[in-house]
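**Q** Let me give you the structure first, and then I'll get to my questions.
The values are calculated or read from the model by the stated rules, or taken from the named source; none is laboratory data. None of these values were measured; they are calculated from a predicted model. Here the Cβ is made from the backbone with ideal geometry for all residues, glycine too, and neighbour counts use every protein chain on show. For accessibility, only protein heavy atoms count, side chains too; no ligands or nucleic acids. Shrake-Rupley method; radii C 1.70, N 1.55, O 1.52, S 1.80 Å.
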Amino acid sequence: PMADFVNLMKTAYHNAKSVDDNITILGVNTTSSLRSEGNFSGDEWTTGIIENNGLNYCDVICYHNYIFRLTGFPDDDVSKGFKTAIGPILEKNEKIKPIWMTEGSPIMLKTGTGFYKHTIPYKSTENVIDTSDSLCRYIISLLSQGIDKIFLYSMHCHSYFPQTERVRYNMLVTDEGALHPSASAFSAMAWLLEDSQFVKILNIAQGCYAYLFKSPERSIAVISTEIDHAEIKLPTKEGVHIW
């Protein structure tokens, strides 16, 4: 199947480039998933693409990454998923092409009805802070892997406010497309990290980590913790702003 897919990549790549050489072609199309019945694992798929010279027929390497547990610390599921999907490429090469996470979510079955309360036919049990926290942790962890672009799987519903209350795929929006409160957290995070680049992770206390980013104008430390972690006192000094 990998050889067949590389033939498809090759055909698509040459035909698209013959029309416009500036078109960006994504390829490899791998996953962070492990082997399951009827499916290859991400590293098996990626290895097969490499062995059939598939990296010659794309401008960007892309993969999918769905997460079900808390992230935002070293060796979390984002880190493990990146290693599964992209590891075989990095073992053989430096980062030779941009890497995009083109479909993924950390909050499947977490997103609820957001601001809605009185107009829904059931009691909302969503913890909006938890939804927002999980989303931001996921983005931070992806950026720490050197991901160049992130595409969240943000809308997927087949009914209007389902009685199950928790929708499977929605992110940033509620069922009818209105903004979910977690979009505010996402927006605040994006504003703080605008034009910045990930630098490194520091272990600042037991179970506490600082994801360091640097922009032309300032440095940003995103403090992320494991569930059980030591107490940490944030610095208070001139020039340090805490959000």
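**Q** Report which label in (i) 151; (ii) 174; (iii) 110 holds the value of volume of the Cα convex hull per residue in Å³ derived from the coordinates of this structure.
**A** For volume of the Cα convex hull per residue in Å³, the calculated option is (ii).
**Q** Output the relative contact order of the chain, whole-number percent, from Cα pairs under 8 angstrom with separation of 6+ residues.
**A** With pairs under 8 Å counted, the relative contact order is 15 percent.
**Q** Over the stretch 189-242, give the accessible area per residue in Å² for a 1.4 Å probe, as an integer.
**A** 76
**Q** So how much slack lies between residue 75 and residue 199, counting 0.36 nm per residue of separation and subtracting their Cα-Cα distance, in nm?
**A** 43.0 nm
**Q** Taking amide H atoms as placed 1.01 Å from N in the peptide plane, list the residues 5 or more away in sequence, or in a different chain, whose amide H sits under 5 Å from that of residue 220.
**A** Sorted by chain and number, the residues that satisfy this are 213, 214, 215.
**Q** Something else about it: In deg cm²/dmol and to the nearest 500, what is the mean residue ellipticity at 222 nm of the chain if only DSSP H runs of at least 4 residues count, each as -39500 (n - 2.57), divided by the residue total?
**A** The per-residue figure over the chain is -10000 deg cm²/dmol.
**Q** Mind listing the phi-derived Karplus ³J(HN,Hα) values for the stretch 107-120, rounded to whole Hz, using 6.51, -1.76 and 1.60 with θ = phi - 60°, and x for any glycine or proline?
**A** Values per residue, Gly and Pro as x: 10, 4, 6, 9, 5, x, 9, x, 6, 5, 9, 7, 9, 10 Hz.
**Q** Could you pull out the pairs from 83/214; 214/237; 10/80 whose alpha carbons sit more than 22 Å apart here?
**A** Pairs exceeding 22 Å: 83/214; 10/80.
**Q** Read phi for every residue in the stretch 121-131 and hand back ³J(HN,Hα) as whole Hz from Karplus 6.51 cos²θ - 1.76 cosθ + 1.60, θ = phi - 60°, with x for Gly and Pro.
**A** Computed from phi, the couplings for the stretch 121-131 are x, 7, 8, 6, 10, 5, 9, 4, 5, 5, 4 Hz.
**Q** How much length would be gained if the chain were fully extended between residue 11 and residue 241, taking 0.36 nm per residue of separation minus their Cα-Cα distance, in nm to one decimal?
**A** 77.6 nm
**Q** Let me know the shape class of the stretch 112-243, please: from the alpha-carbon gyration tensor, a ≥ b ≥ c as square roots of the eigenvalues, rounded when a/c is under 1.5, otherwise prolate if a/b is greater than b/c, or oblate.
**A** Prolate, because a/c is 1.5 or more and a/b exceeds b/c.
**Q** Between residue 59 and residue 96, 0.36 nm times their residue separation minus their Cα-Cα distance comes to what?
**A** Working it through step by step, the gained length comes to 12.4 nm.
**Q** Then there's this: Over the heavy atoms of residue 35, what accessible area does a 1.4 Å probe trace out, to the nearest 10 Å²?
**A** The accessible area comes out at roughly 150 Å².
**Q** Could you tell me the calculated FRET efficiency between residue 169 and residue 228, based on Cβ-Cβ distance and R0 = 35 angstrom, to the nearest 0.05?
**A** 0.70
**Q** If the label point is 7 Å along Cα→Cβ of residue 127, which residues in the stretch 85-108 have backbone nitrogen under 18 Å from it?
**A** So the set is 106-108.
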